[in-house]
Amino acid sequence: MLTIEVIAVLALLVGLLIYAMVRTQLQRGELRVLEEPGRRAKILIVDDDPDFVKITKKILDSHGYEIYAASSGAEALKVMRSAPVKPDLVLLDIMMDYITDGLDVSIAMQSDPDLKEIPVIMITSLTGVRSPQMFPSDEHVAVSAWLNKPVQPGELLKTIQRALAGVPASVPVGVPAVS
């Protein structure tokens with residue numbers, strides 16, 4: 001007869017196995033997280049390039065996302081802090097009003113209890129700048145993923161799905177990982 005301890009260990013192992021299988025399927029894109037019926041995921045695009053915002057909004061609109069936009073870090077924080085319903089995800093450019101505007105927004109979000117759980121996908125046109133040593137800060141940058149502009153629509157959508165599902169993207173060497 002099995003003891004309670006053995007049954008508990010077996011239940012834990014089965015739970016971990018199921019978790020690993022579901023996570024693998026999410027990472028491969030074989031499984032989609034079902035949203036609440038009648039609710040579309042809200043995405044805030046924070047970028048000072050109106051063309052990037054327009055194109056990204058069109059792509060995301062066509063896939064059923066509810067889109068908001070801000071053209072600076074200060075505007076993004078104002079929108080997030082004043083909105084009755086917070087965004088489910090933030091697409092955040094690094095360089096806007098100043099060189100580290102997006103990084104500062106990410107840091108501000110992490111220190112705000114109402115915003116710290118919102119996943120952030122950092123987007124940059126600074127190709128090759130994937131190392132924390134390149135930024136004038138030694139602070140940890142909590143992001144779900146990093147993408148380089150121009151972003152392919154398929155890569156953007158896949159990264160968004162993973163971030164919304166809570167699956168961390170593989171982060172290149174030298175990039176600070178999500179905490």
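Couple of notes before you dig in:
- Answer residue from segment 89-113, given it is part of a loop (DSSP other than H, G, I, E, B) and at pLDDT 90 or above and is surrounded by the most Cβ atoms within 10 Å (Cβ to Cβ) among those: ASP112
- Within segment 130-179, considering residues that are assigned to a loop (DSSP other than H, G, I, E, B) and among the acidic types (Asp, Glu), the one modelled with the highest pLDDT: GLU139
- Restricting LYS86, LYS78, LYS116 to residues that are closer than 15 Å to LYS42 by Cβ, at pLDDT 85 or above and surrounded by fewer than 21 Cβ atoms within 10 Å (Cβ to Cβ) narrows the list to LYS86.
The values are calculated or read from the model by the stated rules, or taken from the named source; none is laboratory data. Only a predicted model underlies this, so the values are computations on that prediction, with no experimental measurement involved. Cβ coordinates were reconstructed from backbone atoms using ideal geometry, including for glycine residues, and neighbour counts include every protein chain displayed.
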